[in-house]
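In what follows, a single structure is set out as C-alpha cells and then discussed.
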Amino acid sequence: MDLILWRHADARDAEDGEDDLLRPLTPRGEKQARRMAEWLDRLLPSGTRVLVSPARRAQQTADALQRRMRTLDALAPQAGLSQLLTAARWPESPEPVLVVGHQPTLGQAAAWLMTGELPAHPWSIRKGSIWWLRRREREHGAEVVLVAVRTPDLM
C-alpha cells in the first residue's frame, strides 16, 4: 500500500476570533500547492484515493491537483493519528491513498509508520511538502519504506 502524506501549503495566520478552519492559503501557498500538484499528477496512479481535511487551506491545497477528493472530519486539524490511519484504511487499502492534512498528525504518522513508535515530538513535515510511504510484504514480514520526500520550495 502507498500512503502519501501532503501537508497543506502556506496559509495566512488566523486573525483575532477567526475560525482556524477558514484560514486560506497565501499567494506563496497557492504557488506551493500548484508546484506539488504538478509533480504528484505525473506520478500518482489514476485510482489514487484523495482524502482531505475540511480546513480551507487543505481544501485549496488539494484543489490544485484537480482530482476527485473526499473531505473527512477525521483529517481536521484536531484529529489524531488513529483517525488518519483508519480513514486511509492503513495497511489494507488496495489503492494508493493521498492524505492532505496537518501537523502534528502527519509527522506522527510518518514517525509511527517508519519506526513503529510514537516519538516524544512528531517529525516535522514542511508546509506544502509530501512524504510518500510504501508498505510492502517481505519474506521476514512487512516493512515500510520511504519512497520520496518532496518540498515545493526546492522544485
Top of ALA120, ALA87, ALA64 by mean-square fluctuation, Gaussian network on the chain, Cα under 10 Å:
ALA120
Mind giving me the FRET efficiency for GLU95 and ASP73? R0 is 22 Å, r the Cβ-Cβ distance, nearest 0.05 is fine.
0.55
Gain upon complete extension [GLN103, ARG42; 0.36 nm per residue less C-alpha separation]
19.4 nm
Modelled label reach - THR151, point 7 Å along Cα→Cβ, segment 1-45 residues with backbone N closer than 19 Å
5-12, 26-40
At 7 Å along Cα-to-Cβ for each site, give me the label-to-label distance between GLU137 and GLU18 in nm.
4.9
Before anything else, pin down the relative contact order of segment 26-124: Cα pairs under 8 Å, at least 6 apart, normalised by residue count, whole percent.
26
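Coordinate-derived values only; no laboratory data. Remember, it's a predicted structure, so these values are computed and weren't measured experimentally. We place every Cβ from the backbone using ideal geometry, glycine too, and count neighbours over all the protein chains shown.
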